[in-house]
Amino acid sequence: MKLAIIGTGSVGRALGTGWAQKGHTVIFGSRHPDEEKVQQILTAAGENARAVLPDVAAAEAEVVVLAVPGTAVAATIPTLGNLSGKILIDATNPITPGLQLAVGHTTSGAEQVAALVPGAHVVKAFNTTGAENMANPLYHGEPITMFICGDDAAAKTAVSQLAQDLGFDVADVGRLDKARLLEPMALVWISLAMPQGLGRDIAFKLVRR
C-alpha cells in the first residue's frame, strides 16, 4: 500500500518507519523534506521511504496519515490538496496546553477533520498510545490494542490491516462519532504516563474471555 505520512514528529516517524520496514511504500510529507531531521527518518525507514512536500505526498498516496499536533490540524489540511476518495487516518488529539480536551460532548477532533475533507474516508486511529508503542506494540510477547472508529467499513478494514502489520490487536469501537470516546482515552494514557509518573512504557489492552 502507498501511504503518505503528514508530520515528521515521533508519531509520524514511528508509523512511517514501521510500515516501510513491512514493505509498504511510505511518503513522508514535510515542508522541509531535505532537512537533516527528515533525512535521518528516511535512513531509519529504509529503501521504501522518501520525503516530499505534503501536497505531493497526499496526491500520490492511497492512505493519508495525519500525524501533526492537534493545534496544527486546521492549518495543515488545506495544504494537502484534494483528498476525495482517499482514506485519511486521523492520529491527532485536540488537547489544550493544560491537558484538557478542546472539544468533546457534541463533536470530536476526528469529526471536525471529516468536515474539512468531506470526500475522504476518515478513520480515527493511532491516537490512544505513545510513539514508543507504535514502534513496538508487544508487551511480554502479547500485542496491545489499537482502538479505531470510522463511518466507512472498507476504510476501517484497511486501517485494521495496517495496524496489524505493525503488530497491534485491533478493536473497532464503531462509527466516527466514537472518537468522542477515543480522544479522552488518549488523555488517560498521557495522564498515567506523565503526571502520574508511570512512564511511556505503558499501554491499553482489551482482554477477551
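List of remarks:
- On inspection, VAL207 does not qualify as β-branched (Val, Ile, Thr) and either surrounded by 15 or more Cβ atoms within 10 Å (Cβ to Cβ) or closer than 16 Å to ALA14 by Cα (or both).
- Residue in region 24-47 that is surrounded by the most Cβ atoms within 10 Å (Cβ to Cβ), counting only those that are touching a Ser or Thr at 6+ places or on another chain (Cβ under 7 Å) and assigned to a helix (DSSP H, G or I): ILE41
- The residue pairs whose first member lies in region 18-33 and is over 18 Å from VAL68 (Cβ atoms) and at pLDDT below 95, whose second member is of a type outside the set (Ser, Thr, Tyr) and part of a loop (DSSP other than H, G, I, E, B), and whose beta carbons are closer than 8 Å, counting only pairs six or more residues apart or on different chains, do not exist in this structure.
- In region 105-146, the residue that is farthest from the chain's Cα centre (by Cα) out of those that are assigned to a strand (DSSP E or B) and either surrounded by 15 or more Cβ atoms within 10 Å (Cβ to Cβ) or of a type in the set (D, E, K, R) (or both) is GLU142.
- Failed item, numbered, when LYS178 is tested on (1) modelled with pLDDT of 95 or more; (2) outside any helix (DSSP H, G or I): (2)
- Among the residues of region 7-47, the ones that are of a type in the set (S, T, N, Q), closer than 21 Å to GLN164 by Cα and under 12 Å from the mean Cα position of the chain (by Cα) come to 1 in all.
- Subset of region 107-121 (residues that are over 12 Å from THR92 (Cα atoms) and not polar (S, T, N, Q)): ALA114, ALA115, LEU116, VAL117, PRO118, GLY119, ALA120, HIS121
- Residues considered: VAL38, VAL52. Of these, the only one that is closer than 18 Å to GLY81 by Cα and among the β-branched types (Val, Ile, Thr) is VAL52.
- Region 147-169: number of residues that are at negative phi, outside any helix (DSSP H, G or I) and over 14 Å from the mean Cα position of the chain (by Cα): 3
- Index of the failed condition, GLY85 passing every other in (1) on the phi > 0 side of the Ramachandran plot; (2) crowded, with 20+ Cβ neighbours inside 10 Å: (2)
- Tabulated pairs, region 175-196, first farther than 13 Å from ASN127 by Cα and of a type in the set (Lys, Arg), second modelled with pLDDT of 95 or more and assigned to a loop (DSSP other than H, G, I, E, B), C-beta under 8 angstrom, 6+ apart or interchain: ARG175/ASP151
- Filter pass, ALA154 being surrounded by fewer than 16 Cβ atoms within 10 Å (Cβ to Cβ), at pLDDT 95 or above, over 21 Å from GLY18 (Cβ atoms) and of a type outside the set (Ser, Thr, Tyr): yes
- Looking only at region 76-103, and only at residues there that are touching a Pro at 6+ places or on another chain (Cβ under 7 Å) and not hydroxyl-bearing (Ser, Thr, Tyr), the one that is farthest from ALA186 (Cα to Cα): LEU80
- Index of the failed condition, THR71 passing every other in (1) among the hydroxyl-bearing types (Ser, Thr, Tyr); (2) surrounded by fewer than 24 Cβ atoms within 10 Å (Cβ to Cβ); (3) under 11 Å from the mean Cα position of the chain (by Cα): (3)
The values are calculated or read from the model by the stated rules, or taken from the named source; none is laboratory data. Just so it is clear, the model here is predicted, and its values are computed rather than measured. Cβ atoms come from the backbone with ideal geometry, glycine included; neighbour counts cover every protein chain shown.
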